[in-house]
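**Q** First, the structure itself, so that you have it in front of you.
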Amino acid sequence: MFYIADPKAPLIAIFISEFRDDDVVPIGYNLTIVCIGKKSREGDSHQFSEQPFRVQLFFRKHPIKLCESLHSDRNDTKRCVYRIEKASKKNSGEYGCMVTNFMECSTALLTLHLRGKFDNLVYWVSISELLNFILNCFNND
């Protein structure tokens, strides 16, 4: 599922992969936070301006991974993954993602709660501005 507000901003999705089923993730299991950016629905007068070139992942508002490509990449989709091995309660918290093209950027949040070995995993996706730590996404006008 991809979310977008501005037609010039990249499409964005954030999710968790690698869990045994939809409800239960025991502590100690491996998880992967995945963020995918796709090209925006509209471009501008510059060739390839709608394609994503940077995806950055955050944990508790701190950068944890940057996936960047050269301007000549020209891929319509860019993916960034952050692997959590032997997940524990300390891995609970808010994960953020920012996808940038040459016109706009898009942000998304995912909150992960890990509890005891047999408790349910609770997570939800919330599209937001992440304004507490990203004052604004740069915009090449």
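The values are calculated or read from the model by the stated rules, or taken from the named source; none is laboratory data. For clarity, every value in this text was computed on a predicted model and none was experimentally measured. All Cβ positions, even for glycine, are placed from backbone atoms using ideal geometry, and neighbour counts span all protein chains on display. Surface areas here come from the heavy atoms of the whole protein model, side chains and all, with no ligands, DNA or RNA. Shrake-Rupley method; radii C 1.70, N 1.55, O 1.52, S 1.80 Å.
**Q** Which value, in Å² and to the nearest 10, is the accessible area of Ser45 when all protein chains are kept and the probe is 1.4 Å?
**A** Counting only protein heavy atoms, Ser45 exposes about 110 Å² to solvent.
**Q** Related question: Once the piece of chain linking Thr111 and Asp6 is laid out straight, how much longer is it, given 0.36 nm per residue of separation minus the C-alpha distance between them?
**A** Taking Thr111 through Asp6 to full extension adds about 35.4 nm, to one decimal.
**Q** With θ set to phi - 60°, apply the Karplus curve 6.51 cos²θ - 1.76 cosθ + 1.60 along region 86-96 and write out the HN-Hα couplings as whole Hz, x wherever there is a Gly or Pro.
**A** 6, 3, 9, 4, 5, 7, 5, x, 8, 10, x
**Q** For the pairs Lys39/Lys89; Lys38/Lys90; Lys8/Lys90; Lys8/Lys86; Lys39/Lys65, note any where the Cα-Cα span goes beyond 29 Å.
**A** Numbers: Lys39/Lys89 35 Å; Lys38/Lys90 31 Å; Lys8/Lys90 36 Å; Lys8/Lys86 39 Å; Lys39/Lys65 20 Å.
Check vs 29 Å cut-off fails for Lys39/Lys89; Lys38/Lys90; Lys8/Lys90; Lys8/Lys86.
**Q** Calculate, for Lys90 and Phe15, the FRET efficiency according to 1/(1 + (r/R0)^6) with r their C-beta to C-beta distance and R0 22 Å; round to the nearest 0.05.
**A** 0.60
**Q** By average Cβ neighbour count within 10 Å, what is the ranking of 92-101, 60-69 from highest down?
**A** Going by the mean number of other Cβ atoms within 10 Å, highest first, we get 92-101, 60-69.
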